[in-house]
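Student: Okay, handing you the structure first.
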Amino acid sequence: MKKTLLVALGALVPAFALAQEVTLRLVSAFPENQYYVKRTLDWIEKVNREGKGLAQIHFIGGPKAIPTFEVGNAVKTGVVDMALTTGAYYTNLMPEADALKLAEVSATEQRKNGAFELINRIWAEKANMAYLARVVEFTPFHLYLNRKIDKPDLTGLKIRITPVYRDFFQTLGAAVMTTAPGEVYTALERGVIDGYGWPIHALFDLNWQEKTKYRVDPGFYNAEVSLVANLDKWKALPAKARDYLNRQAIEYEGQNDFWKSYNQNEAKRQAEAGIQTITFDAATSRAYVEKAKEVGWAGAIKASPQYGPQLKKLLAK
Ligand code: 173
C-alpha cells in the first residue's frame, strides 16, 4: 500500500515540475517545401530553445497534414492550436480575412494605429482566432502567364486564383479556377490553366519557373502571411507563456524588412530563369494597380458592410 503510494507520487512529481510548460501544435497552410515554412521552423527552433520549461511549439506539417483551405477551420475548432496561413485561405470562415492583402500601412504601423486591435476583435468574433503576427509583407502579387498579352485584358484565359485575385482577374475578363498552391504545378503542366496569381517570390520553392513564361508587371496588393492561434487555447495559456509567445511572434514580425531584398533577388532569379516581363505604358500600369485596389476594397466592403469600411480606414492610404 505504502509502496504503491510512493510510486504514484514519484510519477506525479515530474509532471508537477513541468506543469508550467505548454506545447502548442502548429500547422502550415503552405507546402512544406516553401521557404515560409523553413523560416517558421527556424523561428520555432528559437522559440523552443529559449522557452524551455515555459512554452514549446510542435510543428505538425503542411497541407498533407491538413489541406490548405481547411487550416482555418482547424484553428477555429481547436483541432490545431496555431497556424501559418493567409487570409485568402480561410474566407470560408470570414470574408474579412482577405482584406489584409489590401494593407498599405506596415504591420508595425498597424500595431500603433488600432488596425491590429480591430483585426483581433474581428478574428475573435468570427473565427475564434487570435491574430498573433504578420510575417510576410512588403511583397506584391503578380499575374504570371504562359500566353502573351499586350493590354490588361484576360478574356479567353483561364487563370488559377485564390480569393486574393478573384474579383480583380474576373474584372479583367479571366475565367478563374481556385486551387491550393500544391496543385498549380500540375495544372500548368497539363495546360489546364494559362496563368496564375502569386507573390513576386516563392516560385522557385515549388518549381513553377519550369512552367512559367511571363510575369506581368507591375504587381499589386501586399501579400500577407500570418501566425494565428485558437482563441480558447490562447486565452487559457498561463500568462507567462502567452506573453513569451507574443514577444517571439512580434520579434518574427519585426524581421519583415527581410522581404524587400529577398523580393528583389527573386525577381532577378526569375529573369535568369528565362521568365520575361510583360509591361504596359505608364498610364495603363497606373490604372491596372488602381483597378486592383478599387475592386479589392469594393469586394471587402460588399462582403462585410460592418467591418470592411473600418478596415479600409485603418489599412488603406
Ligand atoms: O496565391 C495564393 O495561394 C495566395 O493567396 C497567397 C497569399 C499569400 C502568400 C502567398 C500566396
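Student: Using unit Cβ charges (K, R positive; D, E negative) and no other charged atoms, how large, in debye to the nearest 20, is the dipole of the chain about its Cα centre?
Tutor: Working: 41 positive and 34 negative charges, 110 e Å.
Charge dipole of the chain: 520 debye, to the nearest 20.
Student: While we're looking at this one, here's another question. Multiplying the sequence separation of residue 121 and residue 155 by 0.36 nm and subtracting their Cα-Cα distance, what value in nm do you get? Show your work: numbers first, answer last.
Tutor: Values: separation 34, 0.36 × 34 = 12.24 nm, distance 3.97 nm.
Length difference between fully extended and current span is 8.3 nm.
Student: Which trypsin sites (Lys or Arg not before Pro) in segment 129-164 sit in a loop by DSSP (not H, G, I, E or B) and have at most 14 other Cβ atoms within 10 Å of their own Cβ? Show your work: numbers first, answer last.
Tutor: On the way: sites: 134, 147, 148, 158, 160; in loops: 147, 148.
Filter output for segment 129-164: 147, 148.
Student: Which whole-percent values make up P(r) of segment 231-317 when all C-alpha to C-alpha distances are grouped in 5 Å steps starting at zero?
Tutor: Answer for segment 231-317: a P(r) of 3, 10, 9, 9, 13, 17, 16, 11, 6, 4, 2, 0 percent.
Student: Another question, if that's okay. Choose one of 75, 168, 227: the residue whose Cα lies farthest towards the positive end of the charge dipole of the chain (beta-carbon charges +1 Lys, Arg; -1 Asp, Glu; about the Cα centre).
Tutor: Sorting the options by dipole projection puts first 75.
Student: What does the charge dipole of segment 14-151 about its Cα centre add up to, to the nearest 20 debye, if the Cβ of each Lys and Arg holds +1 and the Cβ of each Asp and Glu holds -1? Walk me through the numbers on the way to the answer.
Tutor: Details: 17 positive and 15 negative charges, 58 e Å.
It comes to approximately 280 debye.
Student: If I require 30 Å or longer along the helix axis, counting alpha carbons, and a Kyte-Doolittle average no lower than -1.0, what helices from the chain are left? Use full DSSP H segments. Each step should come with its number before you reach the end.
Tutor: Values: long enough: 282-303 (32 Å, -0.10).
Passing helices, by number: 282-303.
Student: What does the charge dipole of segment 223-285 about its Cα centre add up to, to the nearest 20 debye, if the Cβ of each Lys and Arg holds +1 and the Cβ of each Asp and Glu holds -1?
Tutor: On the way: 8 positive and 9 negative charges, 74 e Å.
In debye, rounded to 20, segment 223-285 gives about 360.
Student: Relative to the present Cα-Cα distance, how much length would full extension add between residue 316 and residue 186 at 0.36 nm per residue of separation? Could you put the intermediate results ahead of the total?
Tutor: Working: separation 130, 0.36 × 130 = 46.80 nm, distance 3.60 nm.
Contour length minus the Cα-Cα distance gives 43.2 nm.
Student: Still on this structure, I have one more. Considering only 209, 188, 154, whose Cα is most displaced toward the positive end of the charge dipole of segment 137-271, charges sitting on Cβ of Lys, Arg (+1) and Asp, Glu (-1)?
Tutor: Final value for the positive-end residue is 188.
Student: Given the convex hull of the Cα atoms of segment 21-115, what is a quarter of its surface area in nm²? Display every interim value, and only then the final one.
Tutor: Working: hull surface 28.1 nm².
For segment 21-115, averaging the hull's shadow over all directions gives 7.0 nm².
Student: While we're on this one: Please arrange 36, 244 by counting, for each residue, the other beta carbons lying within 10 Å of its beta carbon, fewest first. Intermediate values should be presented prior to the final figure.
Tutor: Details: 36 22, 244 18.
Fewest-to-most ranking of 36, 244: 244, 36.
Student: May I ask what percent, to the nearest 5, of DSSP beta bridges between residues of the chain are antiparallel? Numbers along the way, then the final one.
Tutor: On the way: 19 of 37 bridges.
About 50 percent, rounded to the nearest 5.
Student: May I ask you to compute the full-extension gain from residue 283 to residue 232, defined as 0.36 nm times their residue separation minus their alpha-carbon distance, rounded to one decimal in nm?
Tutor: Details: separation 51, 0.36 × 51 = 18.36 nm, distance 4.94 nm.
Gain on stretching residue 283 to residue 232: 13.4 nm.
Student: When a footprinting reagent is the concern and you count Cβ atoms within 10 Å, what order do 242, 286 take, fewest first? Mind dumping the intermediate values first?
Tutor: On the way: 242 18, 286 12.
Ordered from fewest to most neighbouring Cβ atoms within 10 Å, 242, 286 come out as 286, 242.
Student: Starting with the fewest neighbours, write out 281, 243, 167, 217 ranked by other beta-carbon atoms found within 10 Å of each beta-carbon. It would help to have the intermediate numbers written out before the result.
Tutor: Working: 281 9, 243 13, 167 22, 217 16.
Least to most surrounded, the residues fall as 281, 243, 217, 167.
Student: Roughly how far apart, in whole Å, are the Cα centres of segment 67-83 and segment 203-231?
Tutor: Distance between centres, Cα-based: 21 Å.
Student: Based on C-alpha coordinates, I'd like the Rg and Dmax of segment 178-240, in Å.
Tutor: 17.5, 52
Student: Would you please report the Å³ per residue occupied by the convex hull of the alpha carbon atoms in the chain?
Tutor: Working: hull volume 44.7 nm³, N = 317.
Taking only Cα atoms, the chain has a hull volume of 141 Å³ per residue.
We did not get these values from a lab; they are worked out from the coordinates using the rules stated. Since this is a predicted model, take the numbers as computed values, not measurements. Every residue, glycine as well, gets a Cβ built from its backbone with ideal geometry; the counts of neighbours run over all protein chains shown.
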